[in-house]
Amino acid sequence: MGIFDFLSGQFIDVIHWVDDTRDTLVYRFEREGHEIKYGAKLTVREGQAAVFIHEGQLADVFTPGLYMLETNNMPIMTSLQHWDHGFNSPFKSEIYFVNTNRFTDLKWGTKNPIMLRDPEFGPTRIRAFGTYSVKVADPALFLKEIVGTDGEFTMDEISFQIRNIIVQEFSQSITKSGIPVLDMAANTGDVGKLIAQAISGTIAQYGLELPELYIENISLPPEVEKAMDTRTSRGITGNLDDHMKYKAAEAMGQGGAMDQSMGMGFGAGMGMNMANQMAGGMVPAGQQPAPGMAPPPPPVEHVWHLAVNGQTTGPFSKADLGRMTTTGELSRDTHVWTPGQDGWKKAGDVQELAQLFTVMPPPPPPMG
């Protein structure tokens, strides 16, 4: 073996790429003058593809494996150059390594609210955000359509365009779906799949695919959310009239536990305030009541429930109970309850009702 044969065997051209950036999609292998030796070893690792560009034309794509760059395993290159098997000079080509791994946890979101017509709220606006993953499915097409001659192409350079496509497809899909706003949270998985399918056709033209798309949140404008919270609160409190009566009774001393004299004094004070309020309606022109003298809210009459022989009836007003004392349906021993009262009590033991039994009319005079 001659000295030149020995040297040519020792200086084997090794072409490979190890990515430690975590965001590089395409890397161009650099060689002085883009000269690659005939018989060079090309290593393509898992999660990579190597694309050969020769004189501006896409020559070949190599999947993971170890290759000897010779004419017998480069038929496309052979046809381009009209090489024969004896040609062993360096050839000028560019090699682009394409990362075919999946890029995950990429963010997307609606920059501006999306208008839609909800069957319950009518025209409204929503915002949404989430994550997605993307990978190169066709290295040659991706290099031709997106990368061009960029020597190092990162995920940031394409993620903005993908986000725009996602938002556009999300807007169209969500408005056509007819899913009510209140049901969107329960259908984010189905909506995400629907959008991913709609996007696949668009990004496939770039040589990309979208394996996953997740919708993390769909939100309404703050004023709409506030209105929904108010509406929900009403539903929790139940009947609004009964709720207000209960709160008023609670504020007046936990449902009748106040002293009777205090109750009478409070009632008298309320009567004075009501009289002043009525008189205030006739204040002569130019004379306004002093600030800070707004009357308190009018008293709320209690409603009562009766327990007789294990059965409850009601609610009854105090006037109803007064009539029931005359018919014998209500006695001092009848158990009564009103919201805010601590358990059932006998009517005769409730100060507010005790007076009903002291004003009963005397028995009628004897006939004749």
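Scanning the stretch 107-162 for residues being out of contact with any Phe, Trp or Tyr (no Cβ under 9 Å at 6 or more places or on another chain), over 17 Å from residue 97 (Cα atoms) and not β-branched (Val, Ile, Thr) gives a total of 16.
Quick one: how many residues across the stretch 161-177 are of a type in the set (Lys, Arg) and closer than 15 Å to residue 191 by Cβ?
Residues of the stretch 161-177 that are of a type in the set (Lys, Arg), as a first pass: 163, 176.
Of the ones still in play, those that are also closer than 15 Å to residue 191 by Cβ are 176.
Number of matching residues: 1.
Among the conditions (1) of a type in the set (Asp, Glu); (2) surrounded by fewer than 18 Cβ atoms within 10 Å (Cβ to Cβ); (3) part of a helix (DSSP H, G or I), the only one that residue 150 does not satisfy is (3). What's the number of the only condition in (1) within 19 Å of the chain's Cα centre (by Cα); (2) assigned to a helix (DSSP H, G or I); (3) surrounded by fewer than 15 Cβ atoms within 10 Å (Cβ to Cβ); (4) charged (D, E, K, R) that residue 216 fails to meet? Among (1) within 19 Å of the chain's Cα centre (by Cα); (2) assigned to a helix (DSSP H, G or I); (3) surrounded by fewer than 15 Cβ atoms within 10 Å (Cβ to Cβ); (4) charged (D, E, K, R), the lone unmet condition for residue 216 is (2).
Taking the condition modelled with pLDDT under 85, among the small types (Gly, Ala, Ser), buried (at least 18 other Cβ atoms within 10 Å of the Cβ) and outside the structural domain of residue 29 (by TED's automatic domain parsing), does residue 192 pass? Show your work before the answer.
On the way: modelled with pLDDT under 85: yes; among the small types (Gly, Ala, Ser): yes; buried (at least 18 other Cβ atoms within 10 Å of the Cβ): yes; outside the structural domain of residue 29 (by TED's automatic domain parsing): yes.
It is true that residue 192 is modelled with pLDDT under 85, among the small types (Gly, Ala, Ser), buried (at least 18 other Cβ atoms within 10 Å of the Cβ) and outside the structural domain of residue 29 (by TED's automatic domain parsing).
The values are calculated or read from the model by the stated rules, or taken from the named source; none is laboratory data. Here the structure is a predicted model, which means the values were calculated and not measured. In this analysis, Cβ positions are derived from the backbone assuming ideal geometry, glycine residues included, and neighbour counts consider all displayed protein chains.
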